[in-house]
1. Taking the stated definitions as given, is LEU110 among the aliphatic types (A, V, I, L, M) and either open to solvent by 20 Å² or more (accessible area, probe 1.4 Å) or under 19 Å from the mean Cα position of the chain (by Cα) (or both)?
2. Go through the stretch 41-75 and count every residue that is in a loop (DSSP other than H, G, I, E, B) and open to solvent by 30 Å² or more (accessible area, probe 1.4 Å).
Amino acid sequence: MASLVLAALVTATATACAYPLKDLGPLPPRFSGPPLPADTAVAEMTSVLAAEGITVEREPSNLNGICHEQLMGRHAAETADTALKAAFVRARSEHGWQAGPDMGGRTLTLTKNNWTVTAGLPGGQVAQGIEPLIVMSLTCVGGDGTPSATTSSAATSPPTNALTPSTALTPSPASP
């Protein structure tokens, strides 16, 4: 009798777990559109900031495999918040950036393809004669950290589901 109950329990467990183990195929991409090169994202943000009177310097990440850029500059304290907000509006209207996730009232965010841009509004109390620091962080998702676009043969050839010794441990690229 105990072995019959145990067999029924094993069968029920195997049946219940069969659905979660079902292969549903590749995950959807984490961003829409083709990957945007770092140089393009930085150029667009630099130009919209310059149009609002904010001159910035680019500080790329020094870490391999990390796709992160930072733009830093200074602007007059009395108009820094307004100029930064106007630059974000300009990025949406002129370059197709979209509003990013809400991170609170003092943080502005934008997204485009594989990039997310964040900047904190400097505002607040600033000492007399000192221009506040404007810091804009650009982070990419799923990028390789290169400053320019690259084309690989894997991106242009159709993916295959057959496993070969060379691709047995390498996931196939997701189709958009």
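1. Taking the combined requirement at face value, the residue satisfies it.
2. 8
The values are calculated or read from the model by the stated rules, or taken from the named source; none is laboratory data. All of these numbers come straight from a predicted model, not from anything done at the bench. Side chains are part of the model used for accessible areas, which takes the heavy atoms of the whole protein and leaves out ligands, DNA and RNA. Shrake-Rupley method; radii C 1.70, N 1.55, O 1.52, S 1.80 Å.
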